[in-house]
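Peer 1: Quick one: the structure is below, questions incoming.
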Amino acid sequence: METTTVATEIGAVTVRRTPRESHTATILLHGAAGSWTTWRAAIAAAESGGSVADLVVPDLPGWGDSPVADLTRLDAGSIADAVAEVARALGYTRWRLVGHSLGGFIALELAVREPVATESVVLVSATTFGGRGDRLGPLGRLLHYAPLMLLTAGIRMLTALGPLAARFVRAIDRAGLLTVLAAPLFTVVDRQAVHELAHDLRPGALLRAMQCAATYPAAERWARIHCPVFALHGDRDVFVARDDDARLAAIIPDFRAVVVPATGHFGHVEHPTILAGALHAR
């Protein structure tokens, strides 16, 4: 894949892409704990069935190889706008969105902001209503979303470490402890995926994303979506609440969902071929 950098309103965005053959891109949006590398297995699986054109795979501003000057400028709207800027800079006028975790959250916001350009949205273990815990107080969030609360506490600790955070995470990865800590995210832990998460973790950007999601008016915003939305998540996903699909179906007219058995939060890593059809879409 070719790597390029695109300037946006909130900073430079590093993008991996395949050759452009049309004016419609398939844009892959990673989650808050990773970078474009979380899509690597899915892309490889799709390419085993033939070349895949018009893929646009950015490192979101503040993550991976994309720097951001000011984390306070990061929110769902500004990141979504940056993704649209990237696509248009690369010559695309329309797009299909595939978003994992936070990337699904951003994909839904982009569908609201760009209803003409957005053809469809595929959510992969998207952090939507459940990740927000917006109807619950602190005790309710702890009881129902304990993994999210523990993750938040851990990220706050890493943020406090400042420049030492990356060294700390990579040290526990080398010691093999990160595989144990990441176990709730997978049914079968992928060692390489965990290693890449350790390398790509950006505590400040992740904490900022969590803060913004907590106050985001999800029901109001997502009720404006009219393109098809397809949600895919595992039955053991610790960040997708039991009623997330029903709540999304109640406000998005063209919504479908599939629950994948014996699968955790990284369904596209555990089952790389699961997105082959979406990545080959024309």
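The values are calculated or read from the model by the stated rules, or taken from the named source; none is laboratory data. None of the values given here were measured: they were computed from a predicted structure. A quick note on method: Cβ atoms are made from the backbone with ideal geometry, for glycine too, and the neighbour counts reach across all protein chains shown.
Peer 1: Could you count how many residues in the range 87-127 are surrounded by fewer than 24 Cβ atoms within 10 Å (Cβ to Cβ) and free of Cβ contacts under 8 Å to residues at least 40 places away in the same chain?
Peer 2: Qualifying residue count for the region: 5.
Peer 1: Another question, then. Out of the range 255-270, which residues are without any contact (Cβ under 8 Å) to a residue 60 or more places away in the chain and buried (at least 18 other Cβ atoms within 10 Å of the Cβ)?
Peer 2: Phe255, Val260
Peer 1: Filter the range 72-96 for residues that are within 18 Å of Pro115 (Cβ to Cβ) and in contact with a His (Cβ under 9 Å, 6 or more places away or on another chain) and give the result.
Peer 2: The answer is Tyr92, Thr93, Arg94.
Peer 1: Can you find, within the range 25-53, the residue that is nearest to Arg96 (Cα to Cα) among those that are without any contact (Cβ under 8 Å) to a residue 40 or more places away in the chain and assigned to a loop (DSSP other than H, G, I, E, B)?
Peer 2: Applying the filter and picking the extreme gives Ala53.
Peer 1: Out of the range 54-86, which residues are among the small types (Gly, Ala, Ser), outside any helix (DSSP H, G or I) and surrounded by fewer than 22 Cβ atoms within 10 Å (Cβ to Cβ)?
Peer 2: Correct list: Ala69 only.
Peer 1: Continuing with this model, one more query. Mind counting the residues in the range 229-254 that are of a type in the set (A, V, I, L, M, F, W, C), in a helix (DSSP H, G or I) and in contact (Cβ under 8 Å) with a residue 24 or more places away in the chain?
Peer 2: Within the range 229-254, the first condition is being of a type in the set (A, V, I, L, M, F, W, C), and the residues that meet it are 229-232, 238-241, 246, 248-252.
Checking which are in a helix (DSSP H, G or I) leaves us with 246, 248-251.
Cutting the leftovers down to in contact (Cβ under 8 Å) with a residue 24 or more places away in the chain gives us 248, 251.
Residues in the range 229-254 being of a type in the set (A, V, I, L, M, F, W, C), in a helix (DSSP H, G or I) and in contact (Cβ under 8 Å) with a residue 24 or more places away in the chain: 2 in total.
Peer 1: Within the range 98-120, is there a residue that is over 23 Å from Arg221 (Cβ atoms) and either aliphatic (A, V, I, L, M) or modelled with pLDDT under 90 (or both)?
Peer 2: no
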